[in-house]
1. Can you tell me which of (1) free of Cβ contacts under 8 Å to residues at least 60 places away in the same chain; (2) under 28 Å from residue 33 (Cβ atoms); (3) out of contact with any helix residue (DSSP H, G or I) (no Cβ under 6 Å at 6 or more places or on another chain) is the one residue 111 doesn't meet?
2. On the given criteria, is residue 100 part of a helix (DSSP H, G or I) and either closer than 30 Å to residue 213 by Cα or in contact with a strand residue (DSSP E or B) (Cβ under 6 Å, 6 or more places away or on another chain) (or both)?
3. Restricting to the stretch 166-201, name every residue that is touching a residue at least 40 places away in the same chain (Cβ under 8 Å), within 16 Å of residue 97 (Cβ to Cβ) and in contact with a helix residue (DSSP H, G or I) (Cβ under 6 Å, 6 or more places away or on another chain).
4. Report, by residue number, each residue of the stretch 136-162 that is in contact with a helix residue (DSSP H, G or I) (Cβ under 6 Å, 6 or more places away or on another chain) and under 20 Å from residue 28 (Cα atoms).
5. Residues to consider are 76, 68; find the one that is part of a helix (DSSP H, G or I), closer than 27 Å to residue 127 by Cα and under 17 Å from the mean Cα position of the chain (by Cα).
6. Kindly indicate whether any position in the stretch 105-113 is surrounded by 15 or more Cβ atoms within 10 Å (Cβ to Cβ) and in contact with a strand residue (DSSP E or B) (Cβ under 8 Å, 6 or more places away or on another chain).
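Just so it is clear, none of the values below were taken in a lab; they were calculated from the coordinates. Remember, it's a predicted structure, so these values are computed and weren't measured experimentally. Glycine gets a Cβ as well: all are built from the backbone with ideal geometry, and neighbour counts include every protein chain shown.
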């Protein structure tokens, strides 16, 4: 996959091995507590207890809950870059546009699932102000650029007059349905991840006006078996 534009990350702090492990425990605990209670409903004492840590250790590393969420967001963005920069969306690897969009949906859903507490907390803060998503706002455009880069390889499966804007619409469809469903707002979608990804990839194919098979991905990837 073409390397995505790098979203802004906070400068990495140099930590000892023990310090890094402790910070990861706080971030893991925050992800779980934010998922269970939202940002406003989460207390530092709950995060500390969930991680089996101490209040003193928390304030040694974070000024407050907001800084903790910011650090968790940095980890999410780092995971995003590792996931998408290593993803191959090429025709050679995927065979058809449906499989490429399925791969994109599947990887996006798994990324959100790994950080669903962070997404819930951030969505809560951004409810009335989209800027509350902060550097996470750059994720969508980066994925759109990556899809646009590979679409010429699928030209024979797309209409001659397809528009470059269609790629943005398809990616928006994938990202929003994956996010909302992972956060519990898509109860009518299939519960099985593979079935969910097939439904959403088919819808994205419709946006691109793709002509080809939409029954199942034609290759196996990331441990997901072709169905």
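1. Failed condition: (3).
2. Details: part of a helix (DSSP H, G or I): yes; either closer than 30 Å to residue 213 by Cα or in contact with a strand residue (DSSP E or B) (Cβ under 6 Å, 6 or more places away or on another chain) (or both): yes.
The answer is yes for residue 100.
3. Scanning the stretch 166-201 gives 166, 167, 170, 171, 174, 197, 200, 201.
4. Within the stretch 136-162, no residue meets the criteria.
5. Numbers: 68 fails: under 17 Å from the mean Cα position of the chain (by Cα).
After ruling out the rest, the residue left standing is 76.
6. Residues of the stretch 105-113 that are surrounded by 15 or more Cβ atoms within 10 Å (Cβ to Cβ), as a first pass: 105-112.
Add one more test, that the residue is in contact with a strand residue (DSSP E or B) (Cβ under 8 Å, 6 or more places away or on another chain), and what stays is 106.
Scanning the stretch 105-113 turns up at least one residue that is surrounded by 15 or more Cβ atoms within 10 Å (Cβ to Cβ) and in contact with a strand residue (DSSP E or B) (Cβ under 8 Å, 6 or more places away or on another chain).
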